[in-house]
Amino acid sequence: MGSTLHQKAAATILVAEDNDEILQIVEEILTRNGFAVLPAVSGAMVVDLARRNKPDIILMDMMMPHLDGYASARLLRRDSSTCKIPIIAFNTPGGRDASISSQDERRLLQQIDRALHGRTGEARFEESSYVKERR
């Protein structure tokens, strides 16, 4: 992953997560690894920010209230200005005291790296689960 540092430095990731604690964890990981982060706390906010900012990747919690990640992704796919933005979907436990292991952090960063390198006009949609509840 070290060879992609220059590409990562310029990449903007829109992170959609309605749990503030999880959003903060993911945002810290991404900024520590050289990414610019656009946080969104609802599906409607994701669609709006994606249309206005054209991020390189969207990291989306699929289980948000009101307009969930699935509905948001469908709206983005139907819009010619956002249909080619890769979406990495993730689900998180609903409990408090969330954490992420270093192994899951590496896996997340690898998926982001693959999505950045795979931008050939094909929209990607990957689903993963990274954030674990602390025990």
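Assuming 0.36 nm per residue, please report the length gained on full extension of the stretch V41 to K84 beyond their Cα-Cα distance.
13.3 nm
How high is the FRET efficiency between R52 and E21 when r is their beta carbon distance and R₀ equals 25 Å, given to the nearest 0.05?
The value I calculate is 0.45.
Report the FRET efficiency, 1/(1 + (r/R0)^6), for R114 and A71, where r is their Cβ-Cβ distance and R0 is 30 Å, rounded to 0.05.
The pair R114/A71 has a calculated efficiency of 0.75.
How large is ³J(HN,Hα), in whole Hz, for each residue of the range 16-25 in order, when computed from phi with the Karplus curve 6.51 cos²θ - 1.76 cosθ + 1.60 and θ = phi - 60°, using x for Gly and Pro?
9, 7, 8, 8, 4, 5, 5, 4, 5, 4
Any read-out appearing in this document is the output of simple, stated calculations on the displayed coordinates, not a laboratory observation. Because the structure is a prediction, the values reported are computed rather than measured. Using ideal geometry, Cβ is built from the backbone for each residue, glycine included, and neighbour counts are taken over all protein chains shown.
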